[in-house]
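The structure appears right after this line, and notes come after that.
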Amino acid sequence: MPKYEFFRTVNENFDRASAFLDVEKGLLDQIKSCSSTYHVTFPLRRDDGSVEVIHGWRSVHSSHKSPAKGGTRYAMTVNEDEINALAALMTYKCSVVSIPFGGAKGGVRIDRERYSRGELERITRRYTFELIKKNFMGPGVDVPAPDYGTGEQEMAWMLDTYRSMVDSLDSEGCVTGKPTHQGGLAGRAEATGRGVFFGLREACSVKEDMDMLGLSTGLDGKRVIVQGLGKVGYHAASFLRESGAFITGVAELGGGIYDEKGIDVALLKEHIKETGSIRGFTFGKFIDRADELLEMECDILVPAALENQITEKNAHRIKAKIIGEAANGPLSGEGHAIIKNRPSLIIPDIYLNAGGVTASYFEWVKNLSHIRFGRMGRRYEENSTSRLIAAIEERIGAKFETGEIEDIAKGPQEKDIVDSGLEETMTTAYQLLCDERSRYNTDLRTAAYISAIRKVALSYEQLGIFP
Ligand code: NAD
């Protein structure tokens, strides 16, 4: 994709969908545009004493709901167009899964591998400082989260910087994806991948779609190729594998692994962690050019790296019948059009990777309520279920095994509640997408945009446009 085209692609998807709706053009233009974009540069003193100028962005696409919400990306691809496009996707994503946030995104243009831990901390703190100074961050304003190239550590630095500048009871809610000891949520780290799994499970349960693709229903036995074994790709692959799918291919920077028998992704992840590379893994076949893996025979392809991976250049060689967009924008508009021309099912990013923002919403709610999920009710539930079991035992005159009782009576931990909330969100939203798809006789991406635009437009109409 030429450098500044991601936002154009998002807007083309928007236009295709809005043509189905009776919403006035001016309002559609308002929904489409980014409310505000902040580009900041600041100097970094490198460990060797030299000075480098760092570029960062934060974009708020919509504030029809507060706060705005979106991840923070550290990558060399980061520029204003990319951040605006990703912020827009956040608006539509939150809307699709009914999360009451506006859309935002931030990023710093760095290759994190080139920086020491100390340098990354200085970059993160300074970037955060700049956002706070311009009121681009706060629990009720705009709440960053991890994205490509960032994780719990960066979120902890952001929180600490925020706390050092703002004296507020709710400061923990200024950022999500934090370590659990800093107000983070049990299950947030795997939430996006878990959501991808729930979404694919739902997609594979629709018999008419599977018949159309010549596949059986269910995940069991499906051959899956994953691009990017990072936070999203790894957890998605692990959950899919647990459910009986075979991860037959993994593409990473520097190469890929293909194994028809299925790859043990936990082992592979461990190998990458230990050696710093996918090379040298003892199982499967090493593929030198990782992008070749995208074109190999499989049932489900899960691009979980960056945008624009399937374009007019390679789309006609992609053999996967189902493409699950775990990454944001992995298919260009042209790529989508080519694949759509043959029997295929493309599960769009604004639905499929929404598990991340869903869990972030739970984390933010937890931070503002200052209590972990399950703390009040867990023992109560456990005790009442135990009493119920005792009553049943008395009635039937037989005893359950001790282990059995513990298993049935067990009250939910925070992670169980988060998982249940995620499953509910992803399952309900998929049903909604299928309904919109049938109602408008369109594809899932257009259906997702229709659903998102309708809700955002309604919100603007009800709130009125500020004079
Ligand atoms: P990450 O940094 O944890 O992992 C990305 C992985 O992709 C890395 O291991 C990297 O080496 C690999 N990669 C990069 N380019 C590649 C290529 N060309 N071929 C193969 N592998 C490549 O990032 P992440 O958080 O997993 O995010 C991945 C995607 O998911 C991004 O598009 C992001 O915006 C999207 N997403 C992330 C979240 C989240 O909660 N982290 C939520 C929603 C969407």
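Points worth noting:
- Each of the peptides 187-200, 129-142 was scored by the mean count of other Cβ atoms within 10 Å over its residues; in descending order, highest first, they stand as 187-200, 129-142.
- Burial order of peptide ranges 72-82, 302-312 (average beta-carbon count within 10 Å, highest first): 302-312, 72-82
- Of the three principal axes defined by the Cα atoms of the range 416-467, the extents in descending order read 45, 32, 13 Å.
- Sparsely packed loop sites in the range 385-462 (the trypsin sites (Lys or Arg not before Pro) outside DSSP H, G, I, E and B with at most 15 other Cβ atoms within 10 Å) comprise Lys399, Lys410.
- Value of [θ]222 nm, deg cm²/dmol, for the chain, DSSP H segments ≥ 4, -39500 (n - 2.57) each, nearest 500: -15000 deg cm²/dmol
- Per-selection Kirkwood Rh - the range 292-360 (Cα, Å, 1 d.p.): 12.0
- Antiparallel %, DSSP beta bridges [both residues in the range 215-342], to 5: 35
- As a ratio to 2.2 N^0.38 Å, the alpha-carbon radius of gyration for the chain is 1.00.
- If the convex hull is drawn through the Cα atoms of the range 238-303, its volume per residue in Å³: 83
- Distance between the C-alpha centres of the range 86-131 and the range 280-357: 24 Å, rounded to the whole angstrom.
- Quotient of C-alpha Rg and 2.2 N^0.38 Å, computed over the range 214-271: 1.07
- Computed FRET value (nearest 0.05) for Val166 with Arg439, which takes r as the C-beta separation and R₀ as 60 Å: 0.85
- Counting neighbouring beta carbons within 10 Å and listing from fewest to most, the residues Arg342, Arg223 come out as Arg342, Arg223.
- Point-to-point label distance, Gln431-Lys133, nm (Cα→Cβ direction, 7 Å offset): 5.0
- Rounded to the nearest 20 debye, dipole of the chain from Cβ charges on Lys, Arg, Asp, Glu: 700
- Alpha carbon convex hull of the range 215-342, volume per residue in cubic angstrom: 93
- DSSP-defined beta bridges in the range 6-182 - what % are antiparallel, rounded to 5: 60
- Averaging 1/r over each pair of different alpha-carbon atoms in the range 166-277 and inverting the result gives 15.9 Å, the Kirkwood hydrodynamic radius.
- DSSP-defined antiparallel bridges as percent of all bridges, the chain, nearest 5: 50
- Subset of Lys105/Lys261; Lys69/Lys415; Lys231/Lys366; Lys65/Lys133; Lys25/Lys319 violating a 31 Å alpha-carbon distance limit: Lys105/Lys261; Lys25/Lys319
- Each peptide in 224-237, 359-372 gets a packing score, the mean of other Cβ atoms within 10 Å over its residues, and the list from highest to lowest is 224-237, 359-372.
- The ranking of Glu119, Glu297 from fewest to most other beta carbons within 10 Å of each one's beta carbon is Glu297, Glu119.
- Calculated Rg and Dmax of the range 6-182 using C-alpha coordinates, Å: 16.7, 59
- Pair Val51, Ser243: separation of 7 Å Cα→Cβ label points (nm): 5.3
- The residues packed around Glu121, meaning those with a beta-carbon under 14 Å from its beta-carbon, carry a net charge of +2 if Lys and Arg are +1 and Asp and Glu are -1.
- Net +/- balance of residues flanking Arg342 in space, Cβ distance below 11 Å, scoring K and R +1, D and E -1: +3
Read-outs: derived from the displayed coordinates by stated rules, not from any lab. Keep in mind the model is a prediction, meaning the values are calculated, not measured. Ideal geometry is used to build each Cβ from the backbone, glycine not excepted, and the neighbour counts take in all protein chains shown.
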